[in-house]
Amino acid sequence: MKKIKLLLILLEMSLAVCAQSNNDSIKVETFIEYPSEIEGGSCAFYLNKRDKDKGCFFMVNDFCDTAYLKINGKMEVLKMKNTSIESTVEYSNSSYILTIIISEKKDTNDESYTLKGTIKVKNSKGATKSFPFIACIIHRGFSSLNL
């Protein structure tokens, strides 16, 4: 009987840990529609070239002031907090801190360029997720840029 109670307690603890770990998870998702708040130029961020070719970005910003990122099914709006010219940009809101580390910048024409680097997303509970990105600075009127 004591063994059964101990097993039940361990099972309950295990389920509680699993439930908490699922709440702390960070799932970045792609979307295809620009937020209506973005007017004029912007920067679209893609997980990979295939997503870029399909027009499925995971984040867009309005030239650094405000970033829109879809996490766990919800569109998050983050404001720029810190920038290190040419290499690092940080955005945040009450739920997330987003750090963009730019490792490569390539001019593609007079009004646009592409970026490559790493993004780190950290939630308010301390869970983090990092992944590479490619990005295109575009001005309304340009539909896509080739890397």
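The values are calculated or read from the model by the stated rules, or taken from the named source; none is laboratory data. Quantities reported herein were computed from a predicted structural model and do not represent experimental measurements. When we count neighbours, we look across all protein chains shown, and the Cβ atoms used for this are built from the backbone with ideal geometry, even at glycine. When the accessible area is computed, the model is the full protein with side chains, heavy atoms only, and any ligands, DNA or RNA have been set aside. Shrake-Rupley method; radii C 1.70, N 1.55, O 1.52, S 1.80 Å.
Scan Val77, Val17 and give me the residue that is among the β-branched types (Val, Ile, Thr), open to solvent by 60 Å² or more (accessible area, probe 1.4 Å) and modelled with pLDDT of 95 or more.
Sole residue among the options that is among the β-branched types (Val, Ile, Thr), open to solvent by 60 Å² or more (accessible area, probe 1.4 Å) and modelled with pLDDT of 95 or more: Val77.
Output the qualifying pairs, or none if there are none: Cβ atoms under 8 angstrom, residues six or more apart or on different chains, first residue in segment 34-54 and touching a residue at least 24 places away in the same chain (Cβ under 8 Å) and farther than 17 Å from Leu115 by Cβ, second residue among the aromatic types (Phe, Trp, Tyr) and surrounded by 14 or more Cβ atoms within 10 Å (Cβ to Cβ).
Going by the 8 Å Cβ cut-off, the qualifying pairs are Pro35/Tyr68; Glu37/Tyr68; Ile38/Tyr68.
Looking at segment 22-47 only, could you name the residues that are small (Gly, Ala, Ser) and surrounded by 15 or more Cβ atoms within 10 Å (Cβ to Cβ)?
Within segment 22-47, Gly41, Ser42, Ala44 qualify.
Within segment 104-119, restricting attention to residues that are open to solvent by 90 Å² or more (accessible area, probe 1.4 Å) and part of a strand (DSSP E or B), which residue is nearest to Leu78 (Cα to Cα)?
Of everything passing the filter in segment 104-119, Lys105 is nearest to Leu78 (Cα to Cα).
Which residue pairs have Cβ atoms under 8 Å apart, sit 6 or more places apart or on different chains, and have a first residue in segment 129-145 that is within 13 Å of Tyr46 (Cα to Cα) and modelled with pLDDT of 90 or more and a second that is of a type in the set (Phe, Trp, Tyr) and not in a loop (DSSP other than H, G, I, E, B)?
Phe133/Phe45; Phe133/Tyr46; Ile134/Phe45; Ile134/Tyr46; Ala135/Phe45; Ala135/Tyr46
Out of everything in segment 80-89 that is surrounded by 12 or more Cβ atoms within 10 Å (Cβ to Cβ) and of a type in the set (A, V, I, L, M, F, W, C), what residue ends up being nearest to Ser130 (Cα to Cα)?
Step by step, filter segment 80-89, then rank; the result is Val89.
How many residues does segment 55-74 hold that are open to solvent by less than 50 Å² (accessible area, probe 1.4 Å), more than 17 Å from Tyr113 (Cα to Cα) and part of a strand (DSSP E or B)?
Of the residues in segment 55-74, 5 are open to solvent by less than 50 Å² (accessible area, probe 1.4 Å), more than 17 Å from Tyr113 (Cα to Cα) and part of a strand (DSSP E or B).
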